[in-house]
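This report concerns only the one structure given below.
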Amino acid sequence: MGFKRFDPEDFVVSADTVTSTVWSNNTVTLNTHYTSSIQKEGSSGPYYLNVYQTESTEDTAAIQLDIAYANKNGGGGLRFDGSVANRTATTTIYGQYRTLVLEDENASFIWGPTSSGSLDNDFYVLSIERARYKEKLLPGSFNLVLSSSNANLPALHLTDDSNYVTLPTYYGTQRAYQVISGSNGLPHAGNGYSYTGSYGLFLPDISTILLNANALDDSSVPGSSGTDDGAGIGLGTDVTENTNGDNPTKLFIHISGSSGDVDGNVFKLNSQETITSDFVFVRARNAEFNYSENPSYISGSTGEVIYDYFINNPQTFATTVGMYNDSNELLAVAKLSRPLVKDFTKEALIRVKLDF
């Protein structure tokens, strides 16, 4: 075993971006959608739903996302206290995401760059299950097709505008893209907004999509291009105060009942992860690491080199690189794919990659 101190130039830091699928079993798109009757019929069911890729009773069932409904004034929910108005579970959900996204308890959500026609008090939440991704969502990969309440009108194709705008919008410290009518990060026509602003916000860093309820409720005739430009799906959100609106189920029906795009894809989404790697270059010069403490070299009784041949022409076989700190504590071990021959006529450069 030999030791050598690393020099500063022996270390290089690199960062690579890796993309992967979000849904279970590495599927690119989520085309089947199920809920749990136990959770849906429980106290939380009217306000949020767990969505599975298969029947919730099956062994392979796993939560893919949650659907929730938020209302600033408490609409669509029963009061916590019958004598206190505008305080329901939907109010709590609204405050939760207002704090998380806007970082200001007095702010309101704005669907688009201005408040003109887009300031509203309620929205739907698509929260991707944490176990489905490692770091964040990939902008431009969000594609969701919602069925329309009117069979004579086209489905609504939603995406984020990451490939249409130069820079994202920032809400507090949260990076956000507008949800628009389109696909693969681009609008179908114009800017892809509805008649009441954008269709919502795509928040990749917290893996959440907020959908503008007012835009989804719109059931007007779509744009002249024959696509869903400007139109909603006639969702019919119930904003009645002190009433169980069961709004998450309304949105779930339009997701699970969708026939998807031309290829049958309903909900496509990918995740993104930045992997930081430390590259360590281990340099063994011609005069270094040519001798060994192996018993085949040194006599255990006298400490002398056993064979004269090893004195002037030694040969070693490197198999492992260990990295130690100044306290001589082993921090990492790198195994070579095969033994590396080393003598006075050879130099070795071993690149060790440490991923974090």
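The values are calculated or read from the model by the stated rules, or taken from the named source; none is laboratory data. This is a predicted model, so every value here is computed, not measured. Cβ: placed from backbone, ideal geometry, glycine included. Neighbour counts: every protein chain shown. Each accessible area value is taken on the protein alone, full model and side chains, heavy atoms only, with ligands, DNA and RNA left out. Shrake-Rupley method; radii C 1.70, N 1.55, O 1.52, S 1.80 Å.
Structure above, values below:
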read-out: Selection count, segment 262-290, where residues are open to solvent by 50 Å² or more (accessible area, probe 1.4 Å), in contact with a strand residue (DSSP E or B) (Cβ under 7 Å, 6 or more places away or on another chain) and in a loop (DSSP other than H, G, I, E, B); value: 1
read-out: Residues of segment 32-41 satisfying the condition of being surrounded by fewer than 17 Cβ atoms within 10 Å (Cβ to Cβ) and assigned to a loop (DSSP other than H, G, I, E, B); value: Thr32, Glu41
read-out: Qualifying residue in segment 146-153 (condition: open to solvent by less than 70 Å² (accessible area, probe 1.4 Å) and either outside any loop (DSSP other than H, G, I, E, B) or charged (D, E, K, R) (or both)); value: yes
read-out: Of residues in segment 304-356 being in a strand (DSSP E or B) and among the polar types (S, T, N, Q), the one most open to solvent (accessible area, probe 1.4 Å); value: Ser337
read-out: Qualifying residues in segment 176-212 (those that are assigned to a loop (DSSP other than H, G, I, E, B) and open to solvent by 10 Å² or more (accessible area, probe 1.4 Å)) - the one nearest to Val165 (Cα to Cα); value: Asn191
read-out: Single unsatisfied condition, Val84 versus (1) open to solvent by 40 Å² or more (accessible area, probe 1.4 Å); (2) over 21 Å from Thr249 (Cα atoms); (3) among the aliphatic types (A, V, I, L, M); (4) in contact (Cβ under 8 Å) with a residue 60 or more places away in the chain; value: (4)
read-out: Condition check for Asp355: at pLDDT below 90, under 45 Å from the mean Cα position of the chain (by Cα) and over 30 Å from Leu137 (Cβ atoms); value: no
read-out: Residue match in segment 131-141 (condition: in a strand (DSSP E or B), open to solvent by less than 20 Å² (accessible area, probe 1.4 Å) and closer than 30 Å to Thr60 by Cβ); value: yes
read-out: Tabulated pairs, segment 341-356, first more than 17 Å from Asn286 (Cα to Cα), second of a type in the set (D, E, K, R) and surrounded by 12 or more Cβ atoms within 10 Å (Cβ to Cβ), C-beta under 7 angstrom, 6+ apart or interchain; value: Leu354/Asp278
read-out: Close pairs (7 angstrom Cβ cut-off, 6 or more residues apart or separate chains): at pLDDT below 90 in segment 257-274, among the polar types (S, T, N, Q) and assigned to a strand (DSSP E or B) anywhere; value: Thr274/Thr17
read-out: Any hit, segment 109-124, residues being in contact with a strand residue (DSSP E or B) (Cβ under 7 Å, 6 or more places away or on another chain), modelled with pLDDT of 95 or more and either open to solvent by less than 30 Å² (accessible area, probe 1.4 Å) or not hydrophobic (A, V, I, L, M, F, W, C) (or both); value: yes
read-out: Of all residues in segment 87-104 being surrounded by fewer than 15 Cβ atoms within 10 Å (Cβ to Cβ) and in contact (Cβ under 8 Å) with a residue 60 or more places away in the chain, the one that is farthest from the chain's Cα centre (by Cα); value: Asp104
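Results for (1) open to solvent by 40 Å² or more (accessible area, probe 1.4 Å); (2) in contact (Cβ under 8 Å) with a residue 12 or more places away in the chain; (3) charged (D, E, K, R); (4) assigned to a strand (DSSP E or B), shown as yes or no for each residue.
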residue: Lys4; (1), (2), (3), (4): yes, yes, yes, no
residue: Ser14; (1), (2), (3), (4): no, yes, no, yes
residue: Ser20; (1), (2), (3), (4): yes, yes, no, yes
residue: Ser43; (1), (2), (3), (4): yes, no, no, no
residue: Leu49; (1), (2), (3), (4): no, yes, no, yes
residue: Asp59; (1), (2), (3), (4): yes, no, yes, no
residue: Ala68; (1), (2), (3), (4): no, yes, no, yes
